[in-house]
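Heads up, the thing below is written out as structure tokens.
Read-outs throughout are calculated quantities, based only on the coordinates presented, and are distinct from any laboratory measurement. For clarity, every value in this text was computed on a predicted model and none was experimentally measured. All Cβ positions, glycine included, derive from the backbone under ideal geometry; neighbour counts span all protein chains shown.
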Amino acid sequence: MTSQTITAAASGTWKLGDRTVNRVGFGAMRLTQHGEAFAPDAVPSDRDQAIRVLRHAVELGVNHIDTAAFYFSRLRSANELINRALAPYPDDLVITTKVGPSRDPSGQWLPHADPEQLRGQVEENLRQLGRDHLDVVNLRIVGTDSIAERFGTLAELRDAGLIRHLGLSNVRPHHFAEAQAIAPVVCVQNMYGIGASPEQEEFLRICGEQGVAFVPFYAIAGSGRTAGAPTGDSSAVRAIARTHGVSTAQVRLAWTLHRGPHVLAIPGTGDRDHLAQNVAAGSLRLSENELGVLASLHHETA
């Protein structure tokens with residue numbers, strides 16, 4: 001499998017509202033520093049390298065980039081790197097951002113935004129990205145409380161033309177239903193991968209039935225979360241990787257894409273070689289037997 005010649009088009013496409021994207025996209029979280037994301041003592045990334053990675057992603061056909069204003073390190077901001085690397089933006093590029101949480105300049109997390117603060121976060125994303133509107137804005141939350149007031153605020157900004165489409169991140173099914181009663185939801189971005197909980201499996205199915213994109217985060221890292229890919233994988237995952245001549249990370253990404261045509265991938269990296277491998281995972285076709293083995297592992301670890 002020669003990842004250098006494979007583009008994101010090999011993964012197929014899905015529509016976020018009226019915008020068509022390739023199913024393998026790019027997550028910007030890991031662009032701003034080396035090591036675990038959001039670690040206060042992490043070393044900032046090399047600016048020129050980050051810009052080269054972003055430009056190479058677009059060269060490889062990536063047209064869906066996931067970012068947030070709270071993706072920053074001491075010296076780097078993901079949004080401003082995206083602006084520097086890619087503006088003027090290609091017509092087919094869809095940039096998805098998140099609002100809700102925020103971090104102060106020292107990197108400390110701040111309480112979830114109230115409606116007025118959400119407006120400020122949307123404006124900050126517009127400023128950093130150099131846009132007059134945002135393609136997709138996900139409301140990211142923690143907890144089980146009602147999101148009606150916060151999502152309603154974003155719906156008002158959508159009606160005002162500052163946001164094209166709305167999504168949700170880190171939510172439960174009842175949040176999804178609550179949001180849909182207010183405005184259309186084009187995507188749900190939740191933690192998902194091999195070993196995900198039965199609730200997330202059911203959520204993925206519900207999204208598919210309703211034609212809404214399901215966008216896993218930490219699909220490679222799993223419980224490692226912001227620390228990145230795990231150092232160890234099961235013998236089953238390693239065996240499948242050897243059969244195809246790919247990495248275990250590529251197997252994990254391919255498995256998520258096999259979960260349904262509405263499932264998108266947003267793996268992140270600051271390394272060009274890893275970027276090419278992530279994009280190439282969109283062309284990896286797993287056999288029914290291999291999918292069965294991974295399904296067994298999935299249910300064992302869920």
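A few remarks follow.
- Computed FRET value (nearest 0.05) for Gln108 with Lys15, which takes r as the C-beta separation and R₀ as 45 Å: 0.75
- Length added when fully stretched, Arg242-Glu156, from 0.36 nm per residue minus Cα-Cα: 25.9 nm
- Alpha-carbon Rg with Dmax, taken over the range 45-115, Å: 13.5, 39
- For Gly27, nonlocal amide neighbours, meaning residues 5 or more places apart or on other chains whose placed amide H falls under 5 Å from its own, are Asp66, Gly268, Thr269.
- Ordering 114-127, 257-270 by mean Cβ neighbour count within 10 Å, with the highest value first, yields 257-270, 114-127.
- Percent of Cα-Cα distances greater than 18 Å, calculated over the range 133-227: 45 percent
- Pair-distance profile P(r), taking every C-alpha pair of the range 75-207, with 5 angstrom steps and integer %: 2, 10, 19, 21, 19, 15, 10, 4, 0
- Comparing Cα centroids, the range 232-279 and the range 120-151 end up 29 angstrom apart.
- 5 angstrom amide H check on Ser45, placed H, neighbours 5+ away: Gln33, His34
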